[in-house]
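The values are calculated or read from the model by the stated rules, or taken from the named source; none is laboratory data. Note that this is a predicted model, so its numbers are computed, not measured. Counting neighbours? That spans all protein chains shown, and the Cβs are built from the backbone with ideal geometry, glycine included. The accessibility values were calculated without ligands, DNA or RNA, using every heavy atom of the protein model including side chains. Shrake-Rupley method; radii C 1.70, N 1.55, O 1.52, S 1.80 Å.
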Amino acid sequence: MNYQPLPSLRTWLQSTAVLTVVAGYSVLLVLNGALSDLQRRQQHERLVQSLARQAGVAQLDPVHLRSFGLEASLLAVGSAQKPRLQRDASGQQWLVSRQLLQLPSGEQRWLQLRQNVTSSLEQQRLAQLLLVAAAGLSILFTALLLRPVIRRGLLVPLDDFDQQLQTLEADNLGEHLLDPQLQPQELRAIAIAFNNLQQRLAAAWRRERAFVDGVAHELRTPITVISGHSQRLQREALPASVQRSADLINAEAARIADLLRVLRDLALIDSGRLQLDYESLDPDDQLLLAYESLSADSNGRLQLPQPAGELMPALWADSARVQQCLQALIRNALLYSSGIVRLQTEQRCDGLILHVIDQGDGIAEVDRSVLLQRFKRGVNSAGTRGMGIGLALVHELMQVMQGELLINDAAGGGVDVQLRFRLAAAGP
């Protein structure tokens, strides 16, 4: 079923109010015209009755009647006629009627009365024009008055509600509740429902964080024990089949330990409890530390260019978290590409960029935002093991450090993953 989009509520209310005013004045104009016409005909009929009584006892004075805009005549033949408007050659409007009259002599005549109602009709038209003008002023006044009323009673509360929704984060659920008493009566139920939803989500989020913290803490000890025993077994002379099992146990224990560390970091970020030690850092030293940590496992694919002759400005961040981000990006580049992986620094505007550039197949534009989400992997990751949270953790760590993670195409093919930091001079 296709649903048509609803119009703007403000436009709908304003147009409805204006149409209501127009309809009201239209009905008033019609009723005013009908009432005026009815009054003229009733007045005319009373004049006919009065003249009929006068003609029954005396002769009608045409001159006297003409001074009142009346013309009366007695006709020998005719037919009864209700008051009806007629226009003469000069454009005058006359209300004409005929009524059978019994004269004192016993003869019957038709009394025809013509009443000049031109001035009455002109007054009626003038009154209708005044009503039209009043309707126009009322429409203008209504439109002008509705703007502040709708803004204060509808748009401002909805804007406040929208701002509340925009500022909601996982770590502040339940802290920014709306006061229903400050909302219009029509929005109070929505405000109460919004507050209840926040409180339920906050409670669910606290339970989830407690669960993740508890699982990460409780599993750390058995994983450490498994890893220690597997390493001890690896140091002993074992049959080949047992040695392979020991190696597999040790590798999987290390992988689970990494996963637990990542989950714990994500839980700390979500709860706002991640502690950072900001300091002024040399970007070349940070690349060198990452290179020294991973070059032994890179089979010569990891390259670090010689530092430039000019001294690069310092960046402002947490050294341990910078290394965590760099090493995660380098591991990804070594895992998902087959060529050289280069590290380099760059100063741009008021920030400093650390590049991790590979020579792989690249990352499709549609996958780049997906890769920054937790437990999401791109199409190029098929056939390789991974948890789908490495780039997500880097992305969130950079946000906490008020930096940025960007994924761009590298010149000549491949991916250029960038960590953008503030300069030390721009730090708090």
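Quick one: which strands (runs of 3 or more DSSP E) sit completely within segment 301-414 and have at least 1 residues that are at pLDDT 90 or above, open to solvent by less than 60 Å² (accessible area, probe 1.4 Å) and in contact with a Gly (Cβ under 6 Å, 6 or more places away or on another chain)?
Numbers: elements: 315-318, 341-348, 351-357, 404-409.
Here the list reads 315-318.
Might you check whether a residue that is part of a loop (DSSP other than H, G, I, E, B), open to solvent by 40 Å² or more (accessible area, probe 1.4 Å) and under 21 Å from Arg273 (Cα atoms) occurs anywhere in segment 188-205? There is no residue in segment 188-205 that is part of a loop (DSSP other than H, G, I, E, B), open to solvent by 40 Å² or more (accessible area, probe 1.4 Å) and under 21 Å from Arg273 (Cα atoms).
Filtered by the rule that a residue be assigned to a helix (DSSP H, G or I), over 30 Å from Leu177 (Cβ atoms) and of a type in the set (Lys, Arg), segment 206-236 gives Arg220, Arg232.
Check Leu154, Leu158 and return the single one that is open to solvent by 40 Å² or more (accessible area, probe 1.4 Å), under 18 Å from the mean Cα position of the chain (by Cα) and farther than 28 Å from Ile269 by Cα.
Leu158
Residues of segment 274-317 that are over 46 Å from the mean Cα position of the chain (by Cα) and closer than 19 Å to Cys349 by Cα: Ala308, Glu310, Leu311.
Quick check on my filter: what residues within segment 256-281 are buried (at least 17 other Cβ atoms within 10 Å of the Cβ) and of a type in the set (D, E, K, R)? Answer for segment 256-281, where residues must be buried (at least 17 other Cβ atoms within 10 Å of the Cβ) and of a type in the set (D, E, K, R): Arg264, Asp265, Asp270.
State whether the residues of segment 107-116 include one that is surrounded by fewer than 11 Cβ atoms within 10 Å (Cβ to Cβ) and either of a type in the set (Ser, Thr, Tyr) or closer than 30 Å to Leu35 by Cβ (or both). No, there is no match, as no residue in segment 107-116 is surrounded by fewer than 11 Cβ atoms within 10 Å (Cβ to Cβ) and either of a type in the set (Ser, Thr, Tyr) or closer than 30 Å to Leu35 by Cβ (or both). Within the bounds of segment 75-91, is there any residue that is touching a Leu at 6+ places or on another chain (Cβ under 7 Å) and polar (S, T, N, Q)? Taking every residue of segment 75-91 in turn, none turns out to be touching a Leu at 6+ places or on another chain (Cβ under 7 Å) and polar (S, T, N, Q).
For segment 206-230, filtered to residues that are exposed (fewer than 14 other Cβ atoms within 10 Å of the Cβ) and of a type in the set (A, V, I, L, M), the residue that is modelled with the highest pLDDT is Val225. Does Leu233 satisfy being more than 15 Å from Gln324 (Cβ to Cβ) and either of a type outside the set (Lys, Arg) or open to solvent by less than 70 Å² (accessible area, probe 1.4 Å) (or both)? It is true that Leu233 is more than 15 Å from Gln324 (Cβ to Cβ) and either of a type outside the set (Lys, Arg) or open to solvent by less than 70 Å² (accessible area, probe 1.4 Å) (or both).
Restricting attention to segment 262-291, which residues are closer than 30 Å to Leu219 by Cβ and without any contact (Cβ under 8 Å) to a residue 24 or more places away in the chain? Listed by number, the residues that qualify are Leu268, Arg273, Gln275.
Cβ separations smaller than 6 Å between residues 6+ apart or across chains give no pair from segment 106-123 residues that are under 17 Å from Leu65 (Cα atoms) and touching a residue at least 60 places away in the same chain (Cβ under 8 Å) to residues that are loosely packed, with under 15 Cβ neighbours inside 10 Å and of a type outside the set (Val, Ile, Thr). Selection within segment 119-144: residues that are under 26 Å from Thr11 (Cβ atoms) and not aliphatic (A, V, I, L, M). The member of this set that is surrounded by the fewest Cβ atoms within 10 Å (Cβ to Cβ) is Phe141. Hey, any hits in segment 98-105 for a residue that's at pLDDT 85 or above, in a helix (DSSP H, G or I) and over 18 Å from Leu13 (Cα atoms)? No, because not a single residue in segment 98-105 is at pLDDT 85 or above, in a helix (DSSP H, G or I) and over 18 Å from Leu13 (Cα atoms).
Within segment 72-92, residues that are part of a strand (DSSP E or B) sit with their Cβ atoms under 6 Å from residues that are of a type in the set (Val, Ile, Thr) and surrounded by 12 or more Cβ atoms within 10 Å (Cβ to Cβ), at 6+ positions apart or across chains, in these pairs: Arg84/Val96; Gln86/Val96.
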